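In what follows, a structure is listed as structure tokens, so that the remarks can point back to it.
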Amino acid sequence: MQSVAMKGLFRRYVATIAGLVSVSVLTVGSILALYHYSQDQQRAHEVQTAEARAASASIDAYLRDIEAVLRSLSSRLSEGAAAGREAQARDFRDALKFEPAILNIRSLDSNFLETNFVSRVDADRIESHTSQSGIRQLLEHCSLPFCYGPTFIRDQTEPFVTVAVNGDQHGEYLAAEISVRFIDDVLARLSIGKSGRAYVVDLQGHMLAHPDLRTLLRNSDVSRLPQVRAVRTALAQGRPELPSVWGESPDGGTVFSSATRIAGPDWLLYIEQPAAEVMRTVETTIGVTMLVLALGIVAAFLASLLLARRLAKPILLLRDGAQRLGSGDLSAKIEIESRDEIQSVATAFNGMADSLRTLYESLESKVLARTRDLAQANEQITTQARELSVLNCKLGVQLEELNVKREAADRASAAKTRFVAAASHDLRQPMHAVGLLVGILAERQISPEISSLLSKIQHSVSALENLFETLLDISRLDAGIVTPQLICVSLDSLLQSVELAHWQAAADKGLTLRVHRPRTLVHTDSALLLSMLGNLVSNAIRYTERGHIDVFCRKSEQFVTVYVCDTGIGIPAAELEFIFEEFYQLSDTNRARGQGLGLGLAIVRRTAELLGYGLSARSSMSAGSVFGIRLPIATADQFRQMLPVSVGAQDSLLSGAFIVVVDDDQESCFATEAIFRSWRCHVIAGSCGAEVRRELSQHLRQPDLIVADYWLGNGETGLEIIQDLRRDAEMPIPAIILTADHDVARAVVAQAHDIVFLQKPANAQRIRRVVMDLIPQLANVEPQAVSSE
């Protein structure tokens with residue numbers, strides 16, 4: 001019987017353990033293989049896509065250079081025809097010297113007969129009048145500015161492509177043959193794993209470039225490859241992203257391939273890696289899984305044999321004892337001396353029998369005890385429910401009190417908002433007029449002495465406008481709706497504005513304001529940074545009774561830190577972490593009385609958080625304080641992107657532009673009209689829509705730009721007038737709302753109607769920058785004659 005039991009246990013153990021080991025190993029191995037397959041494929045896709053995009057950008061940039069040369073030659077075709085074909089040929093030769101990839105250039109008349117031909121390898125021809133039907137067909141089937149023809153192999157060694165400049169603006173066409181060998185250089189520089197390769201194919205499936213010239217000459221048509229067919233299917237379906245798929249290499253073998261488009265000639269760049277390289281991790285995982293599976297099965301066989309030998313006899317004894325206990329013989333004992341877990345089970349069975357006997361004897365007494373405990377618990381729960389009801393009533397009363405306090409706070413916040421809006425609107429109008437009039441006066445021919453004085457006034461007015469704008473808009477900082485306008489700013493000029501705005505206040509207190517101005521460009525929002533520095537300097541002057549205030553800079557590799565240092569009263573260490581909170585003043589109320597509401601440093605902190613700048617502060621009592629702002633230094637690319645158009649060039653672009661100004665404030669309307677007239681614009685101005693439409697009825701020309709205040713008399717708004725004028729003209733006339741209203745809802749509505757929202761006060765430079773953003777709609781139209789008024 002023991003032998004039969006051992007054989008049965010052995011078979012079950014072998015089947016169970018081997019099955020568990022196999023399922024576990026195969027499951028883990030399959031999961032790991034699938035995971036590595038997905039990861040390897042995703043990693044290959046990311047690497048190939050990144051390399052493809054970089055190579056595509058390089059090829060596209062090179063083609064853009066060639067297109068720029070051809071565009072320049074095309075724009076001078078009519079001039080070359082007038083100056084003579086020899087002069088035109090000289091221009092063609094200069095282009096060949098400038099761009100080595102161009103093999104030859106030819107010009108054609110309107111009948112596509114060759115009028116001029118310059119080549120690196122063939123003899124030049126002038127007025128040969130040979131027909132170029134291939135270029136005619138290329139241009140007839142292409143509507144792009146630059147039309148790329150099919151690739152052809154010249155002398156069986158080098159691929160070329162024909163490029164024709166579309167459009168018949170001068171009665172002549174331009175075409176050139178360009179070597180695509182430069183693409184091979186780009187492809188050769190790519191590093192795609194250990195053995196990845198790249199090649200370029202046109203939309204018809206003809207290979208244009210390959211690092212191996214033999215492959216290019218042998219496999220010119222690759223349209224049959226699976227990856228090429230998949231990409232062509234994606235393009236036909238209009239999918240925005242090209243797929244990465246398994247395919248076949250032009251040289252043979254399975255590869256994983258990704259593709260991207262080269263925008264100009266609409267070519268396709270393919271990057272591929274062999275399957276063995278991409279799937280190396282998967283193959284390793286499968287091999288390890290098979291090895292572990294074999295070892296696991298062997299271990300399962302040995303473990304099953306050992307367990308069956310050791311467990312057969314004790315299990316039979318355990319079975320007999322359990323049967324006796326099951327029949328109700330609680331005094332029966334199971335005697336097993338195996339010194340292992342089975343002996344523990346037997347001991348547990350014996351203990352269970354003793355426990356059952358004891359439990360049976362004490363069951364009735366325990367039931368009575370539990371009943372008493374339940375009664376006590378029920379009484380306690382009832383008492384707690386009554387207490388919770390009382391607490392709930394108290395909580396309801398407190399919530400009502402909190403609602404009353406919240407409503408009072410909401411009313412106070414609404415009153416504050418109305419006050420800020422009213423003060424902003426009433427103060428912005430005169431400030432806007434002052435800024436514009438100072439800008440007009442600055443453009444007049446005046447004496448050097450007055451010019452120097454006016455420059456200082458203009459700096460002060462500009463600083464006052466920026467500070468006023470930021471102080472009134474602290475609620476916008478709270479709401480998170482302020483959008484920084486990042487440009488390249490001269491730190492020297494900006495610190496000069498700070499100095500001009502505050503030197504008099506320092507002098508009035510007998511203090512020395514020393515500003516060290518480095519010649520450094522920073523990438524920032526000039527108005528927000530000026531507000532931050534102005535608040536720090538004003539705060540230093542306010543709390544300094546004697547000594548001096550220094551503004552200086554420390555530069556690192558990519559950053560410059562502007563420090564504001566004073567010899568003032570200092571800040572206690574316990575209060576240093578609270579000074580950037582709203583309405584916080586130092587604990588000495590006698591000293592703080594009359595020193596403002598404590599918003600300056602709060603504005604500095606919120607503005608620094610908005611711009612992402614580091615802000616530091618340290619102080620010593622009776623020794624002074626130092627505040628620092630860490631700014632990013634402008635890069636060369638940022639400087640080139642932000643190079644301003646000269647004022648003279650801007651005025652020449654604005655000269656003759658037809659401007660409509662609508663403002664019911666006479667001073668503001670006069671200043672706005674005057675600044676546009678100083679830029680040699682034709683301006684009509686009015687205080688309402690009827691007056692402007694009456695003036696426009698005397699003109700045949702439609703306005704180039706509308707500048708309107710938001711709130712006008714008689715319930716009119718500038719938005720309504722702009723919409724009416726656009727509707728009358730049946731065209732989206734560019735428009736600016738120039739208003740003292742700082743309500744965010746107005747800006748959102750204006751942007752929804754494609755209207756620039758500009759808040760007063762705005763100086764002449766700021767208005768010019770905004771108008772110049774609309775120059776693409778104004779400068780491309782020649783000034784038209786305006787009918788007499």
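The values are calculated or read from the model by the stated rules, or taken from the named source; none is laboratory data. Here the structure is a predicted model, which means the values were calculated and not measured. Neighbour counts are summed over all protein chains in view; Cβ atoms, including those assigned to glycine, are modelled from backbone coordinates with ideal geometry. In case anyone asks, the SASA skips ligands and DNA or RNA and just uses the protein heavy atoms, side chains included. Shrake-Rupley method; radii C 1.70, N 1.55, O 1.52, S 1.80 Å.
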Select, from 520, 470, the only residue that is of a type in the set (S, T, N, Q) and at pLDDT 70 or above.
520
So the strands (runs of 3 or more DSSP E) completely within segment 484-586 holding 2 or more residues that are open to solvent by less than 50 Å² (accessible area, probe 1.4 Å) and within 17 Å of residue 629 (Cα to Cα) are 487-490, 521-524, 548-555, 559-566
State all residues of segment 706-723 that are over 33 Å from the mean Cα position of the chain (by Cα), in a helix (DSSP H, G or I) and hydrophobic (A, V, I, L, M, F, W, C); if no residue qualifies, say none.
721
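Among the residues of segment 88-103, write down those that are open to solvent by 20 Å² or more (accessible area, probe 1.4 Å) and assigned to a helix (DSSP H, G or I). Before you say what the answer is, go through the steps one by one.
Applying the first criterion (open to solvent by 20 Å² or more (accessible area, probe 1.4 Å)) to segment 88-103 yields 90-91, 93-94, 97-98, 100.
Hits for segment 88-103 are 90, 91, 93, 94, 97, 98.
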Residue among 291, 306 that is open to solvent by 30 Å² or more (accessible area, probe 1.4 Å), hydrophobic (A, V, I, L, M, F, W, C) and either at positive phi or modelled with pLDDT of 70 or more (or both):
291
Within segment 135-150, track down each residue that is in a helix (DSSP H, G or I) and open to solvent by 20 Å² or more (accessible area, probe 1.4 Å).
136, 137, 138, 140
Single condition residue 246 does not satisfy, out of (1) under 29 Å from residue 144 (Cβ atoms); (2) open to solvent by 70 Å² or more (accessible area, probe 1.4 Å); (3) part of a strand (DSSP E or B)
(1)
Hey, can you tell me all the residues within segment 61-73 that are farther than 10 Å from residue 146 by Cα and open to solvent by 40 Å² or more (accessible area, probe 1.4 Å)?
61, 62, 64, 65, 68, 72
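Each row is one residue, and each column tells you yes or no for (1) of a type in the set (Gly, Ala, Ser); (2) at pLDDT below 90; (3) part of a loop (DSSP other than H, G, I, E, B).
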site: 656; (1), (2), (3): yes, yes, yes
site: 667; (1), (2), (3): no, yes, no
site: 675; (1), (2), (3): no, yes, no
site: 691; (1), (2), (3): no, no, no
Apart from one, (1) without any contact (Cβ under 8 Å) to a residue 60 or more places away in the chain; (2) farther than 16 Å from residue 767 by Cβ; (3) in contact with a helix residue (DSSP H, G or I) (Cβ under 9 Å, 6 or more places away or on another chain) all hold for residue 754; the odd one out is (3)
Going through (1) within 17 Å of residue 229 (Cβ to Cβ); (2) out of contact with any Gly (no Cβ under 6 Å at 6 or more places or on another chain); (3) open to solvent by less than 20 Å² (accessible area, probe 1.4 Å) one by one, residue 262 fails only at (1)
State whether one or more residues within segment 622-634 are farther than 22 Å from residue 515 by Cα, more than 32 Å from the chain's Cα centre (by Cα) and either at pLDDT below 85 or among the small types (Gly, Ala, Ser) (or both).
yes
